[in-house]
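Laboratory data are not the source of any read-out in this text; all were calculated from the coordinates shown. All of these numbers come straight from a predicted model, not from anything done at the bench. Glycine gets a Cβ as well: all are built from the backbone with ideal geometry, and neighbour counts include every protein chain shown.
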């Protein structure tokens, strides 16, 4: 009864000659190499002003920061041309317009210190700065700075100006939020995450325990004077009273509620006067933009946007016209989606961190809530025309399979350290090429040993009955 299967297997083996196997594997390796070479040669770069792609025309100036392989801040004119570019810092993070001067912005940035000296006894260390730049003249002014003893997870990702002298700072390395007088450099108020969260929560203490990556001083509505904080590694957006501390019943998300928020970035508070209380936030590890509405003392999701390309978004701003400006970090783009959820503006960027549409107020301060606008949630697919397909379908399919198998944090970490041109297609081509090459090498070794009369047997064998 086993004659037919064995004869079929024998025919397959006889057809798979060494030459045919070599040719087949060689074709796969060459095809994979061609895909990788094409991706690398056409790769996006913003490492110099000349390499920065122009943006489509829009009514206002747009500023984009990057904090990946190239730290940059780029300002686009309404016609899409680059008006200002700077890459002198290692990383650039949050950027906001200066009130009363729409073409002057303030931002947080970090320099990595690699040499031992008075400012760094054990490299690498970090120099965190808050700077102000006039986009018309290019003049840069350091507002406030501090040196920190390490570089990894030591950056200031966000600050928020309270008044002429005081700024609110998200301090990742110390797991704190503080208000400093930039003239006297005296810290006048401080909140420490240890006062509310156990050390068992979040990541391993003291190595990037909370990753506090965003702060906002609320200036309107019933929450006026309170402070909103993104505690990334605890999957929470919390609200602080400067006298009472954490307002627990206002907390959005939870450590065991990764479906609600998963290592979020840049939440924006929308007050009652504009349809809130609501919070617009980049749900980063879930690859979505979400908005939550405050209803009957609870947070309920009121809006969601995603498409096939979005990967690790880190900012979303609601614009006065009802559109939403989204910074899609691993999608290597900044996009604007209209009230229907269609993409109406895109500029390519390498690992962008934050984007700001000038002349519209800071972040979402002039935008309305999704409920006020009547926005409907939208998932845009290629069939909707929301994503431009590219590359070879087989490799893109394999890349999508790998993405679906790996945990979000692992996949995003791999993308973060890989060259910017390594997308799903190129990553799959690299994996297939390496696997095929290793298989080929293993077969060649096996054939050489067999031709030399060398055989390997298992130390344990089973006798047939």
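Here is how the numbers come out for the structure above:
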read-out	value
Ratio Rg/Rh, restricted to region 70-214 and using Cα atoms, in which Rh is the Kirkwood radius	1.00
Residue 379 versus residue 142: modelled label distance in nm, points set 7 Å from Cα along the beta carbon direction	4.9 nm
Three-way shape label, region 49-384, alpha-carbon gyration tensor, a/c 1.5	rounded
Estimated FRET transfer efficiency (residue 200, residue 134; beta-carbon r; R0 45 Å; 0.05)	0.45
Contour minus Cα-Cα distance for residue 119 and residue 207 (0.36 nm per residue)	29.6 nm
Global form of region 136-278, assessed from the alpha-carbon gyration tensor, a/c cut-off 1.5	oblate
Label-zone membership for region 236-279, site residue 192, 7 angstrom Cα→C-beta point, backbone N under 16 Å	245-246
Peptide ranges 48-57, 270-279, 181-190 listed from the most packed, as the mean C-beta count within 10 angstrom indicates	270-279, 48-57, 181-190
R0 of 41 Å, Cβ-Cβ distance residue 243-residue 296: FRET efficiency to nearest 0.05	0.95
Gain upon complete extension [residue 163, residue 454; 0.36 nm per residue less C-alpha separation]	96.7 nm
For peptides 122-132, 292-302, sequence by mean Cβ density within 10 Å, most packed first	122-132, 292-302
Length released on extending from residue 59 to residue 446, taking residue separation times 0.36 nm less the Cα-Cα span	132.8 nm
Among 439-450, 95-106, the order from most to least packed when residues are scored by Cβ within 10 Å on average	95-106, 439-450
Cα gyration tensor category, rounded, prolate or oblate, for region 124-163 with a/c compared to 1.5	prolate
